[in-house]
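Working notes for the structure below.
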Amino acid sequence: MRKKPYMDKLQAMYMAQTMKPMIVYFIPLLFLYWLFMGVFHGPVAYLPLIGVPIPFWAWYLITYLGVSPILQRVLNVDFQSSD
């Protein structure tokens, strides 16, 4: 129970550090997303094995969830404790 304030402080520091790049890149990425939504009207890919067509927003979500953890490790964006 004594560690809770310390953990809350660490969590707040972590959130602040992860929000900084998001704020800087959010507007340009939002513009690019809007642009790509206009370019890719129909299905952009098909799910393997079942062949269901998926729209751009679903493809973006799937690739983001798959690639984001890999990029975080490669770019060393993980939170490192100084203990």
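The magnitude of the dipole of the chain, with charges of +1 and -1 set on the Cβ of Lys/Arg and Asp/Glu and taken from the Cα centre, is near 320 debye. If the reach is capped at under 25 angstrom between alpha carbons, list the lysines near K20, excluding any in the same chain fewer than eight residues apart. Partners within reach: K4, K9.
For the chain, what does the alpha-carbon gyration tensor say about shape, rounded, prolate or oblate, given a ≥ b ≥ c as the root eigenvalues, a/c under 1.5 as rounded, and a/b over b/c as prolate?
Working: a/c = 3.15, a/b = 2.09, b/c = 1.51.
Prolate, because a/c is 1.5 or more and a/b exceeds b/c.
Throughout, read-outs are computed from the coordinates displayed, never taken from laboratory work. On a predicted model such as this, the values are computed, not experimentally measured, just so you know. Here Cβ is always computed from backbone atoms with ideal geometry, including for glycine, and neighbour counts include all displayed protein chains.
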